[in-house]
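Peer 1: First, the structure itself, so that you have it in front of you.
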Amino acid sequence: MDGNGGLLEALRKLRRHLDRDLFPLEVGDAEADRRASRELTGQLDDYLIPRLSAIDAPLLAVVGGSTGAGKSTLVNSLVDADVTEPGVLRPTTLAPTLVTSPADLAWFTGQHILPGLSRVTGGRPRGPDGSAGAGEPGTLRVVVAETLPPGLALLDAPDIDSVVTANRELASQLLAAADLWLFTTTASRYADEVPWSFLRAARERSTALAVILSRVPPEAVGVVAGDLTRLLEANGLGGTRLFEVAELVLPEENARLPRAAVRPVIDWLTGIAADAQSRADVVRQTLSGALESLATRVPALADAVDRQRAGAEELGSAVGAAYAAGMASFDEGMLDGSLLRGEVLARWQDFIGTGDLMRSLESRVGWLRDRIVSLFTGRPAPESELRVALEHGVEALVRASADGAAERALESWSSLPAGRALLEEAGAVEAGRLGRASPGLRRAAEAAVRSWQGYVLDLVSQEGAEKRTTARVASFGVNGAGLLLMIAVFASTGGLTGIEVGIAGGTSVLSQKLLEAVFGDQAVRTLTIKARDDLRTRVEGIMKEEAARFTALLDAVRPPAETAQALRAAAQAVREHRGELPGERRGPAGDPGGGLSAESGDGR
């Protein structure tokens with residue numbers, strides 16, 4: 001089509017936004033959202049883009065309907081050849097058959113329409129044993145019929161109410177790829193709900209449509225058609241072309257209908273195929289209706305994507321809350337004195353009770369003596385034991401906090417449909433691992449605590465470099481002062497009112513007095529806050545890595561943040577270029593340019 005480059009590119013851009021799974025999470029009616037996305041993607045691939053690329057290509061008329069409506073028999077009768085396989089077994093049509101004239105064979109054997117179906121050419125389908133078959137699922141049989149005029153092809157679709165889900169989905173796909181629907185139903189089933197859901201979809205998308213009412217008992221000719229006409233009008237499809245095919249006794253089950261019985265349909269289709277303007281009217285009506293439907297379908301998909309993003313945010317917030325609670329648990333453990341019990345308490349008592357601390361204050365000789373004694377006895381110096389005990393205590397606190405956070409995050413996800421689905425997809429083993437801290441947490445905690453202890457010693461060294469404190473720090477060493485500061489971090493109420501070191505219910509005024517004597521009140525407050533904040537920062541980094549096990553599952557599936565807006569922008573671009581489609585002459589619903597208008601219930 002000349003001058004439609006902007007519209008075609010807008011459609012292609014819209015299609016690119018649908019390349020990924022936009023609805024990975026079980027949020028709202030996610031299955032319906034996925035189905036809508038598949039249908040839109042299919043119509044872009046199967047109809048809109050190829051048809052807009054070649055507006056003058058042959059028409060595709062899809063023959064669709066309910067189980068037992070006689071679609072295959074009708075197609076064979078229209079082309080006066082056995083190209084499809086009718087029968088009493090259901091489902092009959094497992095693979096669709098497209099019937100084309102020799103002149104149009106090259107177009108339909110190419111991947112112009114329905115590119116997802118591989119082409120198989122040949123005559124009547126046969127089964128593995130040589131008997132009549134129904135074709136291979138997943139293929140599109142392309143058959144040539146000499147009697148079919150150029151410019152028109154017929155496609156025999158699976159039953160829209162097939163017991164096979166894949167057949168129902170394929171029927172919907174084929175109907176969405178049609179320029180013209182030939183909707184077949186019977187006198188006994190024309191009021192069924194399933195066909196009407198498809199007919200209403202045709203109305204909403206302004207698809208060119210004709211209805212063929214078959215197997216009408218002779219005594220009911222005209223009566224059933226009148227009632228069907230009433231239903232068409234009630235469903236907004238008044239004026240739809242309607243043909244009646246009387247019920248006939250055939251010599252055998254798969255026999256064709258007499259030529260006279262389908263002559264009105266043949267003449268009507270032949271007239272459309274022979275007239276370029278009529279073909280253009282059909283194409284433009286269906287194409288225009290499909291384009292107009294994007295104005296509601298695409299924004300609805302964008303809204304559904306927003307719901308996915310909101311669902312992902314809810315899951316992310318649940319993880320954030322769980323690990324924030326883990327940090328709160330760590331904070332509580334730092335300040336409630338519980339860490340300074342057990343082994344830490346014993347090592348603290350060794351440190352001050354044996355006089356080691358006081359000897360280190362009195363003389364550097366005492367410090368050297370401790371090391372010599374340790375060398376010969378094999379027992380670490382008390383200050384080393386205290387430092388190791390503190391290290392182990394902090395590591396245990398980190399692990400306990402991370403375990404609790406993981407358990408809370410898992411419980412939160414398990415309570416949400418989207419979270420449960422993600423966990424099920426990850427597998428029971430992985431979900432079990434997510435419910436506790438990662439195997440690498442121990443090493444990460446050890447490294448973080450040791451780095452923090454080094455940071456504390458650096459703080460003491462830097463503060464001790466001041467002239468006013470150099471001699472006092474040197475009197476008992478950086479390690480001794482550093483240990484006192486570490487103890488203060490886990491026993492202080494914040495360092496704002498002095499340091500109160502509470503250990504197993506007791507109070508060590510000595511450590512407070514020593515630190516204040518060495519550094520001064522204000523410096524002790526500052527050092528304590530710096531040391532505590534540094535440790536929290538390191539632990540927060542660990543918690544972030546632990547939480548990433550959950551958020552990585554989300555990040556792997558959630559659509560990019562701009563997806564919904566990009567879809568809306570693409571729909572707007574299609575609307576803006578809508579004028580590039582040549583104007584069409586519009587009649588009633590199902591009536592492109594008046595060419596499909598109903599004159600009477602018998603199709604005359």
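Peer 1: Report yes if residue 170 is part of a helix (DSSP H, G or I) and under 25 Å from residue 82 (Cα atoms), otherwise no.
Peer 2: It is true that residue 170 is part of a helix (DSSP H, G or I) and under 25 Å from residue 82 (Cα atoms).
Peer 1: Let me ask another. Considering only the range 165-184, state which residues are of a type in the set (Ser, Thr, Tyr) and either touching a Gly at 6+ places or on another chain (Cβ under 7 Å) or farther than 12 Å from residue 63 by Cα (or both).
Peer 2: Once the filter is applied, which keeps residues that are of a type in the set (Ser, Thr, Tyr) and either touching a Gly at 6+ places or on another chain (Cβ under 7 Å) or farther than 12 Å from residue 63 by Cα (or both), the range 165-184 yields 165, 184.
Rundown of residues vs (1) open to solvent by 40 Å² or more (accessible area, probe 1.4 Å); (2) among the acidic types (Asp, Glu); (3) within 20 Å of residue 425 (Cβ to Cβ); (4) not in a helix (DSSP H, G or I), yes/no style:
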{"position": "536", "(1), (2), (3), (4)": "yes, no, no, no"}
{"position": "546", "(1), (2), (3), (4)": "no, yes, no, no"}
{"position": "552", "(1), (2), (3), (4)": "yes, no, yes, no"}
{"position": "559", "(1), (2), (3), (4)": "no, no, yes, yes"}
{"position": "567", "(1), (2), (3), (4)": "no, no, no, no"}
{"position": "574", "(1), (2), (3), (4)": "no, no, no, no"}
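Peer 1: What's the number of the condition residue 309 fails, among (1) touching a Pro at 6+ places or on another chain (Cβ under 8 Å); (2) open to solvent by 60 Å² or more (accessible area, probe 1.4 Å); (3) part of a helix (DSSP H, G or I)?
Peer 2: Of (1) touching a Pro at 6+ places or on another chain (Cβ under 8 Å); (2) open to solvent by 60 Å² or more (accessible area, probe 1.4 Å); (3) part of a helix (DSSP H, G or I), only one is false for residue 309: (2).
Peer 1: Further question on the same structure: Please verify whether the range 271-294 includes one or more residues that are open to solvent by 60 Å² or more (accessible area, probe 1.4 Å), over 17 Å from residue 71 (Cβ atoms) and among the polar types (S, T, N, Q).
Peer 2: The answer is yes; a qualifying residue exists.
Listed here are the residues, each with its yes/no results for (1) in a helix (DSSP H, G or I); (2) of a type outside the set (D, E, K, R).
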{"site": "225", "(1), (2)": "yes, yes"}
{"site": "231", "(1), (2)": "yes, yes"}
{"site": "238", "(1), (2)": "no, yes"}
{"site": "250", "(1), (2)": "no, yes"}
{"site": "262", "(1), (2)": "yes, yes"}
{"site": "331", "(1), (2)": "yes, no"}
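Peer 1: Here is a follow-up. Condition test on residue 120, is it buried (at least 20 other Cβ atoms within 10 Å of the Cβ) and either over 24 Å from residue 250 (Cβ atoms) or modelled with pLDDT of 85 or more (or both)?
Peer 2: Against the criterion (buried (at least 20 other Cβ atoms within 10 Å of the Cβ) and either over 24 Å from residue 250 (Cβ atoms) or modelled with pLDDT of 85 or more (or both)), residue 120 does not qualify.
Peer 1: Could you pull out every one of the helices (runs of 4 or more DSSP H) wholly within the range 1-113 that has 2 or more residues that are at pLDDT 90 or above, among the hydroxyl-bearing types (Ser, Thr, Tyr) and open to solvent by less than 40 Å² (accessible area, probe 1.4 Å)?
Peer 2: 30-43
Peer 1: Can you pull out the residues in the range 142-154 that are open to solvent by 20 Å² or more (accessible area, probe 1.4 Å) and in contact with a Gly (Cβ under 7 Å, 6 or more places away or on another chain)?
Peer 2: none
Peer 1: Okay, next question. Considering the range 167-195 alone, what residues qualify as being charged (D, E, K, R) and buried (at least 23 other Cβ atoms within 10 Å of the Cβ)?
Peer 2: 179, the sole residue that qualifies.
Peer 1: Select from the range 276-309 the residues that are out of contact with any Leu (no Cβ under 8 Å at 6 or more places or on another chain) and either free of Cβ contacts under 8 Å to residues at least 40 places away in the same chain or of a type outside the set (Asp, Glu) (or both) and list them in ascending order.
Peer 2: 276, 277, 278, 280, 285, 289, 293, 295, 296, 300, 307, 309
Peer 1: A follow-up question, please. Take the range 155-166 and flag every residue that is open to solvent by less than 60 Å² (accessible area, probe 1.4 Å) and either more than 20 Å from residue 186 (Cα to Cα) or out of contact with any Ser or Thr (no Cβ under 8 Å at 6 or more places or on another chain) (or both).
Peer 2: 164
The values are calculated or read from the model by the stated rules, or taken from the named source; none is laboratory data. Since we're looking at a predicted model, the values are computed, not measured. Because the Cβ atoms are built from the backbone with ideal geometry, glycine has one as well, and the counts that use them run over all protein chains shown. These accessible areas exclude ligands, DNA and RNA; they are computed on the full protein's heavy atoms, side chains included. Shrake-Rupley method; radii C 1.70, N 1.55, O 1.52, S 1.80 Å.
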